[in-house]
Amino acid sequence: MVTVAIRSDGSVEAVTFVVSSGVAEIDEAIRRIVESQRPYPAFPPALGREVDIAFQSKFGRAKWLEPYTEPTLRELGAAGTARVDVMCPGFPADCLETLEEIAMEGREAFMHAGGEAFGYIPCLNDSPAWITALAGIAERNLAGWPTQRPAST
């Protein structure tokens with residue numbers, strides 16, 4: 001599995017192999033394919049006026065995608081932004097990272113810096129529409145897999 005981080009201008013920030021194919025030549029070919037498609041389309045200019053994008057999944061001391069969420073929330077509060085609504089589109093279900101780090105710690109950072117209202121938009125969780133979509137994805141991707149166990153001998 002490979003993660004490709006693309007900056008808002010369409011340039012490639014990083015190509016990170018979360019799980020290697022196990023074959024160096026294949027991994028290098030994947031990296032070259034990603035790089036050969038540059039530049040990727042830039043984000044529409046209006047997007048920056050409508051939303052701020054920040055990144056949360058920093059782990060350990062390694063540099064992660066920036067800007068980081070908590071400093072961004074503090075800056076928004078200090079700059080006089082009265083209200084923010086935050087969502088975590090990379091998560092299909094709420095977890096410690098979304099509930100504690102975003103909904104609680106993020107709220108505290110924003111409010112302490114001068115913000116007045118903090119809204120957390122929950123993940124899809126167990127909403128019927130999401131469960132139906134997830135079932136459809138699973139059915140399409142599992143097509144052709146055996147559905148019954150072989151009879152024991």
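Only one residue in Arg38, Arg83, Arg7, Arg31 is outside the structural domain of Trp130 (by TED's automatic domain parsing) and exposed (fewer than 14 other Cβ atoms within 10 Å of the Cβ). Which one?
Numbers: Arg83 fails: outside the structural domain of Trp130 (by TED's automatic domain parsing); Arg7 fails: exposed (fewer than 14 other Cβ atoms within 10 Å of the Cβ); Arg31 fails: exposed (fewer than 14 other Cβ atoms within 10 Å of the Cβ).
Selected residue: Arg38, the only one of Arg38, Arg83, Arg7, Arg31 that is outside the structural domain of Trp130 (by TED's automatic domain parsing) and exposed (fewer than 14 other Cβ atoms within 10 Å of the Cβ).
Name the one entry in Leu99, Leu76 that is within 30 Å of Asp126 (Cα to Cα) and either part of a helix (DSSP H, G or I) or of a type in the set (Ser, Thr, Tyr) (or both). Lay out the reasoning, then the answer.
Numbers: Leu76 fails: within 30 Å of Asp126 (Cα to Cα).
Within the list Leu99, Leu76, the selection yields Leu99.
Taken over the range 98-115, residues that are closer than 9 Å to Thr81 by Cβ and of a type outside the set (Gly, Ala, Ser) amount to 1. Checking each residue in the range 81-138 for being at pLDDT below 90 and aromatic (Phe, Trp, Tyr) picks out Phe91, Trp130.
Okay, residues lined up against (1) touching a Lys or Arg at 6+ places or on another chain (Cβ under 7 Å); (2) part of a loop (DSSP other than H, G, I, E, B); (3) farther than 30 Å from Glu105 by Cα; (4) modelled with pLDDT of 80 or more:
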{"position": "Ser8", "(1), (2), (3), (4)": "no, yes, no, no"}
{"position": "Glu25", "(1), (2), (3), (4)": "no, no, yes, yes"}
{"position": "Ile33", "(1), (2), (3), (4)": "no, no, yes, yes"}
{"position": "Arg38", "(1), (2), (3), (4)": "no, yes, yes, no"}
{"position": "Glu66", "(1), (2), (3), (4)": "no, yes, no, yes"}
{"position": "Pro71", "(1), (2), (3), (4)": "no, no, no, yes"}
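In the set (1) of a type outside the set (Lys, Arg); (2) at pLDDT 85 or above; (3) surrounded by 11 or more Cβ atoms within 10 Å (Cβ to Cβ), the condition left unmet by Leu47 is number (2).
The values are calculated or read from the model by the stated rules, or taken from the named source; none is laboratory data. Not measured: the values here are computed from a predicted model. A quick note on method: Cβ atoms are made from the backbone with ideal geometry, for glycine too, and the neighbour counts reach across all protein chains shown.
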